[in-house]
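Heads up, the thing below is written out as structure tokens.
The values are calculated or read from the model by the stated rules, or taken from the named source; none is laboratory data. The shown structure was predicted, so the numbers you read here are calculated from the model rather than taken from an experiment. Every residue, glycine as well, gets a Cβ built from its backbone with ideal geometry; the counts of neighbours run over all protein chains shown.
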Amino acid sequence: MKPLIRFALDSVMYVARGSAIFYGWIIFLGFLSFLMLLGAYEQFTKGMIVTNYNDLVSWGLYEAQFVFLVGVAAAAVTVVFPSYVYHHKKMKEIVVLGELLAVSAVCMVMIFIMFHMGRPDRLWHLIPVIGIFNWPHSMLTWDVIVLNGYLGLNAICAFYYLFMKYTGREVNKLFYMPLVYISIVWALSIHTVTAFLINTMPSRPMWFHSMMPIKFIATAFAAGPAMIIISFLVINKFTKLKIADEAIETLAQIVTWCLGITIFLGLSEVVTELYPSTEHSFSLQYLIFGKHGLTGLVLWYWSAVVLLLAAFFMLLTPSLRKNHKLWLPLACAFTFAGVWIDKGMGLVVPAFIPSPIGEISEYAPSAIEIVNTLGGWATGLLIFTVLAKGAIGVLLGELKYRAATDLASEFSSEWQPVVHSSEEICK
Amino acid sequence: MSEPRDKDEKKKDAPLKPDEASRREFLGGAGLSVTAAALSGAGALLSGSDEAEAKATWGEWFQKNYRLMTEDEKREAVLRLEKRYTEEFGKQTTVDSAPAKEGVLFGYALNIQKCIGCRRCVYACVKENNQSRDNPEIQWIRVLKMEKGNFLAGDMDKGYPDPAGIQVGGNAYKNSGVVLEGEHYYEPAEVPEKGYFYFPMQCMQCEKPPCVKVCPVRTTYRDPDGIVVIDYNWCIGCRMCIAACPYWARRFNWGEPNLPAEEMNPVTHYLGNRPRMKGVAEKCTFCLQRTRQGRYTACVEVCPVGARKFGNLLDPDSEVRKILEKKKVFRLKAELNTYPKFFYFMD
Amino acid sequence: MRKTALAMLASFTAVLLLAPALHAEDTYIHYLKNKQEPADCFESRDGYSNATRTEVEPGLPNVKCSNKTGGVLWWGDPFDGTEPMGEMPVEADYTREEAVVKPRTGQLKYYMPCTACHNGSMVPYPKNKNPRPLAMHQDIVPDSMNLQHGQGAIWCLDCHNARNRDTFIDHKGGEIGLNQPQRLCGKCHGEVYSDWRDGIHGKRIGSWEKGGKKRWWVCTECHNPHTVQERRFDPIAPEPRPQYPRTRANADHERGHGAGAGH
């Protein structure tokens, strides 16, 4: 029990100390999260009327985040898989960061689910035994299972790994490896089920195609690692932990090829729908060209196209891809933004336009939706920052179990982050 | 609580004669065999109103899914609601809990040739079913104005010639009959307008309802008389059903419903038209508070052209069965295999 | 990039600013707030049969009416002002049903009864059924030489009983009460009559159940036999449109996309 308590205390102490930049970042995220709390109070007391949701477009910005972030969570597998299946040594060193990103992403998913619900106070109705869990009929119940399971798996894996490292012991492979392999398969399942959640509704023809799960996985494995790369570059820049270029290069290649597949699948969808131009393609037509003079999403769509194509060609060029100072982060940011649009405003919203009985409407989020969405992201990033900082401490060996030492002497000298020069990073 | 109901039942010429005996028995039973829980709940409700409302809210929050309640629990839930609504709206409100009648499967038929698009059904429904009147405005029926379409000689040559000049498509018939041709917000001085027909839509009470399948908490389900009902107190507001409905039949209480007391219809059913709360889905129930007592739906009764027909699909002499027998009928989006019990027909 | 972002922001804010205005003019809530519910309402068509709004019992009105058009919107008492249909003009199962109608005589403009004037002395009985110009009732039939019913094949006295003006007359000279126009119309319109009998044509309210009590609407509560050739129904004003979705200020985009555009 003692090491566990010490681990908790040491972690808190370690995470609480940081540079001015670190505190600034935390305050910034905390402020956005605080705004979200106000927005949440507004929404939970007045109802979803404070959003721009309506009977025509009944899912919007929150579900867009939900779908996107499930992908980000699933993308942790792009770190885990090379580490344990291909035994990518450099990747293995930092695999826990990917798992923590998954944990943070699932937390964000939960936040956005809360915002999606009309009656969050009644969520207990979903709990088996005291409520009714309409499993296996309802796709949503499958999603509840896989998301919670995934959260559990990653939390356990990451915690166990870090705790072992903290106490200086070896991980028990009999316990740890099965969990890792399950989590790899599970990662695919969370995004597949999320795709099934929306593509099993013939009432929404834009979603109703079997390409949805594979497109979800492809986009997730483009946007997720892109986010991981950016966070690795940040970690390289602001902390003492040095993440090997090989690990980043592997991830960059995964982004490249998944982006390629994403573009290919997107093109296939457009051709399949627009060539025959049946009634079922109206949503896509509305998205790409606008319909009956309503063009609310056209700009979104074409921005996504430009971002994704630009990112793809940047990543395809080795010299740009290996430039960690400008081009790689830029390409990753483009990928991230492009997929965020493609799976969010470009996927969730147009499926509701036209309505099943042919009414065309438009939707753009309300101020409270935007505040809550930013706050949701801020909260997730806050969680990730805190978790990652602790993990980095363990990985660096700065956070280590020493039964005899007292805390005061351990942290008597102010810990300073090491800021590396860009030459060092690009090496 | 049984006082106003008895009055209601005794009302001369009231069409509500079936099941009167069983209902009386039910109510009598309520008086005699209440459980301790019901007693304490009712006792709390009879005391101070604020406290009563708070307790009613807690009681409602903790109650089970309606379908799984015992008779006693149902009775308790109904009493709680009657008390709360009566206080809230300042008029004696009844909450019925009549189950589906045996040997009845409700069906609906609508003559689209007759419909003139006057929207009186829309508001008959609103008056009957206690929908929120404003912000959000909720209406369960939507009437579409459709163009009859035309062949235009002047547009015969305005096709899609390919570079060789061969015409590969045409524009002479502009109205393609696709879903987007409907107008939802038409407001002419008079209806029907020349060159148009009208197409009302509401819940189709599907035999294989996609909305029921996707509900994660089974708050919406098909009752034995074929009506897809919602336990508003169990709904978590996830809106899967709204996304899954191919007929756009479901509406959502985006905010706290606005139902003026003078507009409120005090004769309600637990699964039907009782006032709803914010954050839950709702839809047409074929006015089950009426139809389970033998009465026609509000929209059937108000239609000025008699385009709306309702009855028991299991009774070969019912209006709907006669229509199925004598007329050509179709169902909307039959290809989705939802088996609607709402038929459209023409003379 | 910046331009794109700015444009996106602009599209955001456009809808944000629009959102609070609910554009409720000419919608239900507008009429509810600004117009009284009329006391005298029309049932099917304005001027054909009316209902006066009263309370059946405290809190239960016999009808609720539209604040906009004055049409009946809701029936509290479906049997308000009805009487038994009388001899059921229907067969088999329906004879056991309790059927009521709203008497037509109470809704007729000149009924005092008719024989108050058309009694052979005050107004002499017509000598034959040949069409001739009318001296009276031109508000009902403006041009009796061109009767808008039957395309010239029939004339007033083929339906109205010349000797007893309080009744109609059938093919064989038998009398039909004014409250049973269906028996008269059914003489020629057999198919419609058969549909009406089955409940397919026309309208019934009350109980849907087999053997339940129903109010049947009779032909002349919806159709005017004197103008039926000009227009089968009198048009009526529609009830208010639904409110636009929260994110829309108008519905201009849905107008005029079919063949009717530009007509």
*With the stretch A:80-197 as the region, which helices (runs of 4 or more DSSP H) entirely inside it contain at least 1 residues that are under 29 Å from A:LYS343 (Cβ atoms) and within 14 Å of another protein chain (Cβ to nearest Cβ)?*
A:95-116, A:139-167
*Restricting attention to the stretch B:148-199, report how many residues are within 12 Å of chain A (Cβ to nearest Cβ), modelled with pLDDT of 75 or more and not in a loop (DSSP other than H, G, I, E, B).*
3
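Could you list, in sequence order, all residues of the stretch A:340-354 that are in a loop (DSSP other than H, G, I, E, B) and either closer than 19 Å to A:HIS191 by Cβ or at pLDDT below 95 (or both)?
To start, the set of residues in the stretch A:340-354 that are in a loop (DSSP other than H, G, I, E, B) comprises A:344-349, A:353-354.
Scanning the stretch A:340-354 gives A:GLY344, A:MET345, A:GLY346, A:LEU347, A:VAL348, A:ILE353, A:PRO354.
Here's the yes/no breakdown for (1) of a type in the set (A, V, I, L, M); (2) over 14 Å from the mean Cα position of the chain (by Cα); (3) closer than 12 Å to B:GLU282 by Cα:
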{"site": "B:LEU180", "(1), (2), (3)": "yes, yes, no"}
{"site": "B:TYR186", "(1), (2), (3)": "no, yes, no"}
{"site": "B:LYS194", "(1), (2), (3)": "no, yes, no"}
{"site": "B:VAL214", "(1), (2), (3)": "yes, yes, no"}
{"site": "B:CYS235", "(1), (2), (3)": "no, yes, yes"}
{"site": "B:ARG239", "(1), (2), (3)": "no, yes, yes"}
_Which listed residue is surrounded by fewer than 19 Cβ atoms within 10 Å (Cβ to Cβ), more than 20 Å from the chain's Cα centre (by Cα) and either within 26 Å of A:VAL349 (Cβ to Cβ) or at pLDDT below 95 (or both), from A:ASN172, A:ASN199_ = A:ASN172
*Taking the stated definitions as given, is B:GLN113 outside any helix (DSSP H, G or I), within 13 Å of chain C (Cβ to nearest Cβ) and out of contact with any Gly (no Cβ under 9 Å at 6 or more places or on another chain)?*
yes
*Give the residue, chosen from A:SER283, A:SER303, that is among the small types (Gly, Ala, Ser) and closer than 17 Å to A:PRO205 by Cβ.*
A:SER283
*asked:* Among the numbered criteria (1) in a helix (DSSP H, G or I); (2) of a type outside the set (D, E, K, R); (3) at positive phi, which one does A:SER277 miss?
replied: (1)
*Those residues of the stretch B:157-169 which are surrounded by 12 or more Cβ atoms within 10 Å (Cβ to Cβ) and either in contact with an Asp or Glu (Cβ under 8 Å, 6 or more places away or on another chain) or more than 30 Å from A:ILE357 (Cα to Cα) (or both), in sequence order*: B:PRO161, B:GLN167
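Would the stretch A:42-60 turn up any residue that is part of a helix (DSSP H, G or I), closer than 30 Å to A:ILE217 by Cα and out of contact with any strand residue (DSSP E or B) (no Cβ under 7 Å at 6 or more places or on another chain)? First the steps, then the outcome.
First pass over the stretch A:42-60, keeping only residues part of a helix (DSSP H, G or I): A:42-46, A:48-50.
Filter again for closer than 30 Å to A:ILE217 by Cα, leaving none.
No, the stretch A:42-60 contains no residue that is part of a helix (DSSP H, G or I), closer than 30 Å to A:ILE217 by Cα and out of contact with any strand residue (DSSP E or B) (no Cβ under 7 Å at 6 or more places or on another chain).
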*For the stretch B:248-269, enumerate the residues that are closer than 23 Å to C:LYS33 by Cα, touching a helix residue (DSSP H, G or I) at 6+ places or on another chain (Cβ under 6 Å) and within 14 Å of chain A (Cβ to nearest Cβ).*
B:TRP254, B:GLY255
*Find the residue count for the stretch B:57-84, including only residues that are farther than 20 Å from B:VAL228 by Cβ and either at pLDDT 95 or above or away from every other protein chain (no Cβ under 12 Å) (or both).*
15
*Test B:CYS121 against the criterion of being modelled with pLDDT of 80 or more, assigned to a helix (DSSP H, G or I) and assigned by TED's automatic domain parsing to the domain that holds B:MET346, and give yes or no.*
yes
*Determine whether B:ALA249 is out of contact with any Gly (no Cβ under 6 Å at 6 or more places or on another chain), of a type outside the set (S, T, N, Q) and in a loop (DSSP other than H, G, I, E, B).*
yes
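Sort through C:ASP143, C:ASP170, C:ASP158, C:ASP166 and tell me the only one that's over 23 Å from C:LYS187 (Cβ atoms) and of a type in the set (Asp, Glu). Explain how you work it out, then say what you get.
Details: C:ASP170 fails: over 23 Å from C:LYS187 (Cβ atoms); C:ASP158 fails: over 23 Å from C:LYS187 (Cβ atoms); C:ASP166 fails: over 23 Å from C:LYS187 (Cβ atoms).
After applying the criteria, what remains is C:ASP143.
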*If you check C:ARG204, C:ARG183, C:ARG248, which single one turns out to be under 30 Å from A:GLU359 (Cα atoms) and either among the charged types (D, E, K, R) or more than 7 Å from every other protein chain (Cβ to nearest Cβ) (or both)?*
C:ARG248
*Residues in the stretch C:189-201: is at least one more than 14 Å from every other protein chain (Cβ to nearest Cβ), closer than 20 Å to C:HIS226 by Cβ and surrounded by fewer than 20 Cβ atoms within 10 Å (Cβ to Cβ)?*
no
_Need the failing condition index for B:GLY272 against (1) over 13 Å from the mean Cα position of the chain (by Cα); (2) away from chain A (no Cβ under 14 Å); (3) crowded, with 24+ Cβ neighbours inside 10 Å, just the number._
(1)
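Could you list, in sequence order, all residues of the stretch B:284-302 that are assigned to a loop (DSSP other than H, G, I, E, B) and either crowded, with 24+ Cβ neighbours inside 10 Å or more than 8 Å from chain C (Cβ to nearest Cβ) (or both)?
Initial filter on the stretch B:284-302 (assigned to a loop (DSSP other than H, G, I, E, B)): B:284-287, B:292-294, B:296-297.
Listed by number, the residues that qualify are B:CYS284, B:THR285, B:PHE286, B:CYS287, B:ARG292, B:GLN293, B:TYR296, B:THR297.
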*Show the residue pairs that are 6+ apart or on different chains and have beta-carbon atoms under 8 Å apart, the first residue being within the stretch A:115-142 and within 27 Å of A:ALA40 (Cα to Cα), the second being surrounded by fewer than 19 Cβ atoms within 10 Å (Cβ to Cβ) and among the hydroxyl-bearing types (Ser, Thr, Tyr).*
A:MET139/A:THR200
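Would you point out which residue out of A:GLY71, A:GLY60, A:GLY39 is within 14 Å of chain B (Cβ to nearest Cβ) and surrounded by 19 or more Cβ atoms within 10 Å (Cβ to Cβ)? Write out each step before concluding.
Details: A:GLY71 fails: within 14 Å of chain B (Cβ to nearest Cβ); A:GLY39 fails: within 14 Å of chain B (Cβ to nearest Cβ).
That would be A:GLY60, the only listed residue that is within 14 Å of chain B (Cβ to nearest Cβ) and surrounded by 19 or more Cβ atoms within 10 Å (Cβ to Cβ).
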*So A:VAL339 clears everything in (1) of a type in the set (A, V, I, L, M, F, W, C); (2) touching a residue at least 40 places away in the same chain (Cβ under 8 Å); (3) over 19 Å from A:ILE263 (Cβ atoms); (4) touching a Gly at 6+ places or on another chain (Cβ under 8 Å) except one condition, right? Which one?*
(3)
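Condition test on A:THR278, is it more than 29 Å from the chain's Cα centre (by Cα) and away from chain C (no Cβ under 14 Å)? Give the derivation first.
Working: more than 29 Å from the chain's Cα centre (by Cα): yes; away from chain C (no Cβ under 14 Å): yes.
For A:THR278, the condition - more than 29 Å from the chain's Cα centre (by Cα) and away from chain C (no Cβ under 14 Å) - is met.
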*Enumerate the pairs (first residue in the stretch B:304-315 and facing chain C (nearest Cβ under 8 Å) and surrounded by fewer than 21 Cβ atoms within 10 Å (Cβ to Cβ); second residue anywhere and assigned to a strand (DSSP E or B) and of a type in the set (Lys, Arg)) with beta-carbon separation below 7 Å, excluding pairs fewer than 6 apart on the same chain, so at least 6 apart or on different chains.*
none
